[in-house]
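Student: Below is a structure I'd like to ask you about.
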Number of protein chains: 2
Amino acid sequence: MDNSAVILASGGMDSLTAAHVAKDRGYDLYFLHTSYGQQTQSTERECAKQQAEQLGAVDFCEMTMDHLHEIGGSSLTDSGVSVDEADLDSNEVPQSYVPFRNGNLMAMAASYAEVNDCDSIFIGAHSEDFSGYPDCRPQFFDAFQDVVNVGTKGSTKISIQAPFSKWSKTEIVELGVQIGVSYESSWSCYRERETACGTCDACAYRLQAFQNCGVTDPIDYQERPDYTDS
Amino acid sequence: MDNSAVILASGGMDSLTAAHVAKDRGYDLYFLHTSYGQQTQSTERECAKQQAEQLGAVDFCEMTMDHLHEIGGSSLTDSGVSVDEADLDSNEVPQSYVPFRNGNLMAMAASYAEVNDCDSIFIGAHSEDFSGYPDCRPQFFDAFQDVVNVGTKGSTKISIQAPFSKWSKTEIVELGVQIGVSYESSWSCYRERETACGTCDACAYRLQAFQNCGVTDPIDYQERPDYTDS
């Protein structure tokens, strides 16, 4: 039987690159796209669907995490909290942090993987995520691997793969350009507008990665400040 | 500041007893009730709400796990899979197993606890659950404690408390009767009828626990077979 992998596909560029890596390794792809009441959910969903089609995914599953919207407490899900302008040097947990979001995502992915006999879960988290998000760190994925091992049926073997967990976003773009990832069909901006703003945290990190590689990000922006590492 | 605890309240008798234990230990209670498309969800929800009122809970939060319904694969959530008659001696993972359900529940509880600064999560899982459900075992809760420690903000300290994880259901009823738990407001049956069936796995284990204690279960049943340990 072929290997098959759940891809946690946000619609963004990191998970798109992770999906390409899984495809290149010979996995059949089970796309799992989740919305959690974030302001940009319809745009992200469209991108994830396009990505699944382009990569010939076996299945595309959409799940809601509306409960995280009910809890509130994050600028991405709580309309009472505004989206900050980027501050790439901050060490604080950012306002966009959804409490334990990856814990919820990984649990959903484990259920989906177990039902479909998938042997892997790919997630595109990288080392610059965990400067702010505690549930993006390699230790978190290691701990979750243990939880999945003891919390699923004896016959279930699911490997959690976070291939970029020690990479920078710049390294992800370098690889992606090399293996031919179509970044047109990905969305990163935290603000819901026709064109990415270019100034929120997510845009700033994305633009910085492309600029560091000397490659033009193929999507449109309202503005493209220079974020290259000085 | 008072201690506060999230109670994973299914509407059943184990979590109701756990809520009483938390209350007796001085915690303010944050009830978290989840539905996941199971056949009996409206009855369970009503019970959980009654329990929260009776115990003076500070908050009652309802969350859906509809995504587990979309996945299917369990008799509780998939209408194509029928509910088995009880077989208390089986060592197989039962058809009612929702893949990694407690992984999802614990992740939601951790998010809810982190937003509300709760320092504990109580879950009523007991030793007879894990004969069939891998995500009810003490090892699972230990592993999830590690995940919560590394996956939440540095200032967040959440203790996972499964006070009955090494107890039998009979011992839960013994304690519950002693501390005055009102089992009228709890529902266990897997089948959606006005009166509990008395013959599904959930009814059988519940009736057996009461019968072992020599106490009459205060709820109505269509039939009450004798399940006492021989």
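Student: Quickly work out the B:VAL215-to-B:ASP117 label distance, labels modelled 7 Å from Cα along the C-beta direction, and quote it in nm with one decimal.
Tutor: Each label point lies 7 Å from its Cα, and together they span 3.6 nm.
Student: Find every distance from the label point of A:GLU62 to the corresponding label point in the other copies (7 Å from Cα along Cα→Cβ) and write them in nm, one decimal, shortest first.
Tutor: Copy-to-copy label distances for A:GLU62: 2.3 nm.
Student: Say R0 is 22 Å: what FRET efficiency, to the nearest 0.05, do A:SER182 and A:GLN222 get from their beta-carbon distance? Please report the intermediate quantities before stating the final value.
Tutor: On the way: r = 22 Å, r/R0 = 1.00.
That gives a FRET efficiency of 0.50.
Student: Among B:CYS47, B:CYS61, rank each residue by its count of other Cβ atoms within 10 Å, from fewest to most, as a rough exposure measure. If you can, show how the numbers build up before the last one.
Tutor: Numbers: B:CYS47 25, B:CYS61 21.
Fewest-to-most ranking of B:CYS47, B:CYS61: B:CYS61, B:CYS47.
Student: Quick one: A:VAL177, A:VAL148, fewest Cβ neighbours within 10 Å first, how do they rank?
Tutor: On the way: A:VAL177 15, A:VAL148 26.
By the 10 Å Cβ count, ascending, the order reads A:VAL177, A:VAL148.
Student: Which residue is it, in chain A, whose C-beta lies closest to the A-to-B rotation axis, and what is that distance in whole Å?
Tutor: A:ALA107, 2
Student: Right, another one. Taking a label point 7 Å from Cα toward Cβ, how far is A:VAL177 from its twins in the other copies, in nm, shortest first?
Tutor: With the label placed 7 Å along Cα→Cβ, A:VAL177 yields 7.4 nm.
Student: Next question. Please compute the contact order of the stretch A:127-230 in relative form: average sequence separation of alpha-carbon pairs under 8 Å and at least six residues apart, divided by the residue count, as a percent. If you can, show how the numbers build up before the last one.
Tutor: On the way: 103 pairs, mean separation 21.8, N = 104.
Across the stretch A:127-230, relative contact order equals 21 percent.
Student: Now a separate question. Could you pull out every residue, at least 5 positions away or on a different chain, whose amide H is within less than 5 Å of the one on A:ILE7? Hs are placed 1.01 Å off N in the peptide plane, and Pro or chain starts have none.
Tutor: Result for A:ILE7 returns A:TYR30, A:PHE31, A:LEU32, A:PHE122.
Student: With the alpha-carbon atoms as the only input, what is the per residue convex hull volume for the stretch A:114-221 in Å³?
Tutor: 133 Å³
Student: Separate question: A:ASP229 label points, 7 Å along Cα→Cβ, one per copy: pairwise distances from this copy to the rest in nm, shortest first?
Tutor: 6.3
Every number here is computed from the coordinates shown, using simple stated rules; none is lab data. Remember, predicted model here, so these are calculated numbers, not experimental data. Note: ideal-geometry Cβ built from the backbone for every residue, glycine included; neighbour counts use all protein chains shown.
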